[in-house]
Structure formats: structure tokens, C-alpha cells
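Down below is the structure, laid out as C-alpha cells.
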Amino acid sequence: MESHGAAGLRRVFLLAFCVAGIWAAYIYQGVLQETVSTKRFGDDKKRFEQLAFLNLAQNVVCLIWSFIMLKIWSNGGNSGAPWWSYWSAGITNTIGPAMGIEALKYISYPAQVLAKSSKMIPVMLMGTLVYGIRYSFPEYLCTLLVAGGVSLFALSKTSSKTISKLAHPNAPLGYGLCFLNLAFDGFTNATQDSITSRYPKTSAWNIMLGMNLWGTIYNMIFMFGWPSAMGYEAVQFCKQHPEAAWDIFLYCLCGAVGQNFIFLTISRFGSLTNTTITTTRKFVSIVVSSLLSGNPLSQKQWGSVVMVFSGLSYQIYLKWNKLRRMQKKRKST
């Protein structure tokens, strides 16, 4: 009994460690992302306009990080997916996040987080129209809450203080970029699932290495492929404004550390637990942004936030119930 109790306590502490790691890494990364996209740096008060450069920097840091982790933790086997198999997912994984970050020029960080939280909408839409999948009423209710919340938030009046921080306020363009980001993410996830099904022994570190390798290649071409490419401007800006360079480095480091905790959570507690942690983290990120970054939300907007996360929470609850029923069936058989 004591050994079971000690094992249970260790499991609780490990889960708390994972929650703290994911929350700390990604909430601080959100603060840094908002800072880089809205702040005016230096005596000349210039904005960092080349936000897509963040993706290249993130790819490079995560590529180095995953290579080091594979060298430390790999058992010497090489049975994972070959590096070239990630080339197609690398394209969408390069374009999608770039659109998500570029959206911060046009909409606020809380609006971007809400829009990117509505991943279930295109998934269910494609499932119904393309594959003829029938969903239950509770699943449609979840989607309705999320879609309604995002729509109400978009239609609500944004404070003048928030608008003044944006580089080029344009809500339709900002939300459009976010939903394109979701579409590309859907293809990326589907391709990654296909790779892991073909190569079952592929580890999370292999996926991280392969995705970031191709992301680095594509982003290097996009950023430095011709003399007037924006990468040169980004590097020049960072030389002139070291504070911006430091924020970008910390942003990338948070992403790499956060991925570690996500992989640890999935391996020890499953993807559903990870989804629950990351969903609650998004809600906290909006609260932190509102309190620390000076993005005041109206009562209608807070109501929209509650609608979206009620729908997401209900979806998680439905998945937990489905998982429990499946486990009971396995035990009975």
C-alpha cells in the first residue's frame, strides 16, 4: 500500500511539474511575443516589423535543442522516420505559424489566442463536408460556443488603447491570417500522424528535429534568399536594438523548453491531459495579457472569452468520458 501511495504522490508531483513548466514557458513566451510585436524599441522608437523572423529563430533554437536531446537520451537506435519524410509538413509548418505571428500586426494578442483556439471548427467542418462524419449534439454545441465566442469577440469594440499598440490595425485581415494558420496546422498534424503510423518507433525528438530542420531550410530561403529579403532587415534591426534581440532569444528558448514539457506530459499522462493543460494555459495567457500588457477587455469581450473556453472545456470533458468508457470496455473484455 505504501509503495502505491508513494508512486501516486510522485505522479501528482510530476503532473504539477509539467503544468508549471508548460504554463511558465508559454505564458512568458506569449508576453514576449506581444512585446516584440507591439513595443517601440530604442531612442528612434521603431517597431520590429519582420515578425516572421521569429519563426526562423524558433526553428534554429529548437533544431539545436532537439539534436542535443537526441544525443543525450537516444539509445543509439536509428529506427525513426528518415529526415527527408518531413519535407511536406515542413512547408505548412513554416507558412502556418508565420501567418499566426503576422496576425499580431492587425489584431491584439488575446484576439489571436481566441482565434487560434477554434481549431475544432475547421476540423468538424471538413469532417462533415468531405468525409460525411456525423457528430453528436454535444460536439456541435462545443463548436457553436467556440464559434459564437470568437465571432462576438471580433465584433465587439476594441479599446482605443489596444488599437494604438497595433502596427496596422485590420481585424478582418488579422482573423483571416489566424484561420489560415489553423488550416495549415491541420495539414501539418495530419502529415505528422501519417509519418508516425508508417514509422511507429519515431520519437518526439525525431519529429522535433525533422520539422525544425525543414523549417530552418525554408525560412532561410524566405528570409535570405535574395538581396532585399526581410531577414537582412531583421538582423540589422537586432544589431541596432539589442533589447529586441534579447527578447527574441528568450522567446525561442521558452518555445524549446515548453516543447520539452509537452513531450514529457504526453509520454507520461497522454495527449488529453496535455490538451487540458494547454487549453487552461491559453485562458491564463489572455488574463495575463489584459493585466500586464495593458490590453483592457470590455465586458462583452470577457463574455466571449468565457464562451470559447466553456466550449473547449466541455469538449475536453466529452473526451475524458469517451476515454473512460473505452477503458471500462477493455477491462470487461
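The values are calculated or read from the model by the stated rules, or taken from the named source; none is laboratory data. Quick caveat, the model's predicted, so the values are computed rather than measured. Because the Cβ atoms are built from the backbone with ideal geometry, glycine has one as well, and the counts that use them run over all protein chains shown. Side chains are part of the model used for accessible areas, which takes the heavy atoms of the whole protein and leaves out ligands, DNA and RNA. Shrake-Rupley method; radii C 1.70, N 1.55, O 1.52, S 1.80 Å.
Tell me, what is the FRET efficiency for ARG268 and VAL60 to the nearest 0.05, using R0 = 25 angstrom and their Cβ-Cβ distance as r?
Efficiency for this residue pair is about 0.30.
Pick the calculated semi-axes √(5λ) of the Cα gyration tensor in Å for this structure from (1) 32, 27, 21; (2) 36, 22, 19; (3) 30, 26, 17?
Structure-derived value, by its label: (1).
Contour minus end-to-end for TYR317 and SER151, with contour as 0.36 nm per residue of separation and end-to-end as the Cα-Cα distance?
That pair, TYR317 and SER151, stretches by 57.4 nm at full extension.
Amide H to amide H under 5 Å from LYS46: which residues, 5+ apart in sequence or cross-chain, H placed 1.01 Å off N in plane?
PHE41
From the protein chains alone at 1.4 Å, what is the descending order of accessible area for VAL36, VAL12, VAL235, largest first?
Largest accessible area first, the residues go VAL12, VAL235, VAL36.
By how many nm would the segment from ALA167 to LEU70 grow when fully extended, if each residue of separation counts as 0.36 nm and the alpha-carbon distance is taken off?
30.9 nm
What are the ³J(HN,Hα) couplings of region 141-150, residue after residue, when phi is run through the Karplus curve with 6.51, -1.76, 1.60 and θ = phi - 60°? Round to Hz, x for glycine and proline.
In residue order, the calculated couplings are 5, 4, 5, 5, 5, 5, 4, x, x, 5 Hz.
Please state the relative contact order of the chain as a whole percent: Cα pairs under 8 Å, 6+ residues apart?
It comes to 37 percent, rounded to a whole number.
Per 0.36 nm of contour for each residue apart, how much would the distance between ARG134 and SER332 grow if the chain were fully extended, relative to their Cα-Cα spacing?
Gain on extension, ARG134 to SER332, equals 68.5 nm.
Could you give me the ³J(HN,Hα) list for region 275-286, computed from phi with Karplus coefficients 6.51, -1.76, 1.60 and θ = phi - 60°, whole Hz, x at Gly and Pro?
4, 4, 5, 5, 5, 5, 4, 4, 5, 5, 4, 5
Hey, rough spin-label estimate for ARG10 and ILE217, points 7 angstrom out along Cα→Cβ, what's it come to in nanometres?
It is 4.2 nm.
Which is the longest run of the chain containing none of the trypsin sites (Lys or Arg not before Pro) found in DSSP loop states (not H, G, I, E, B) with at most 11 other C-beta atoms within 10 Å?
Answer - 202-333.
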